[in-house]
């Protein structure tokens with residue numbers, strides 16, 4: 001699976017569970033951490049967990065398993081690391097507090113409209 005296929009799978013999974021404010025940032029040119037960050041939010045800890053679970057389920061169906069999955073701040077921030085694609089699912093207040101989009105503003109915003117149904 002290519003990086004962009006993994007991004008598309010993650011975005012579709014998040015969208016299917018009504019994730020809020022889904023963003024994708026291409027960071028491969030500015031860091032060795034990953035090629036893409038997928039960032040989304042939920043309105044409750046329960047939804048954050050459900051969003052992360054759906055990403056892992058859909059990626060697993062596609063034959064891709066995460067290197068690791070980390071719950072930061074309980075279930076307020078879940079990071080799923082697929083090496084070249086890292087998915088961050090936040091509680092909306094936690095996302096605002098950490099501001100990953102601002103930290104990675106030098107990255108390229110990816111248009112995901114074609115991934116959404």
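Structure above, values below:
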quantity	calculated
Count - residues of region 15-37 that are touching a residue at least 60 places away in the same chain (Cβ under 8 Å) and in a helix (DSSP H, G or I)	1
Of all residues making up region 68-96, the number that are under 14 Å from residue 23 (Cα atoms) and surrounded by 15 or more Cβ atoms within 10 Å (Cβ to Cβ)	8
Residue match in region 38-46 (condition: modelled with pLDDT of 95 or more, part of a loop (DSSP other than H, G, I, E, B) and closer than 18 Å to residue 109 by Cα)	no
Qualifying residue in region 94-111 (condition: closer than 20 Å to residue 1 by Cα and either part of a loop (DSSP other than H, G, I, E, B) or in contact (Cβ under 8 Å) with a residue 24 or more places away in the chain (or both))	yes
Selection status of residue 70, part of a strand (DSSP E or B) and in contact with a helix residue (DSSP H, G or I) (Cβ under 8 Å, 6 or more places away or on another chain)	no
Selected residue (only one of 56, 61, 41, 65 is surrounded by 13 or more Cβ atoms within 10 Å (Cβ to Cβ) and free of Cβ contacts under 8 Å to residues at least 40 places away in the same chain)	56
Any chance residue 80 is modelled with pLDDT under 95, in contact with a strand residue (DSSP E or B) (Cβ under 9 Å, 6 or more places away or on another chain) and not in a loop (DSSP other than H, G, I, E, B)	no
Flag if residue 87 is in contact with a helix residue (DSSP H, G or I) (Cβ under 8 Å, 6 or more places away or on another chain) and assigned to a strand (DSSP E or B)	yes
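The values are calculated or read from the model by the stated rules, or taken from the named source; none is laboratory data. Quantities reported herein were computed from a predicted structural model and do not represent experimental measurements. No Cβ is skipped: glycine too gets one built from the backbone with ideal geometry, and neighbour counts run over all protein chains shown.
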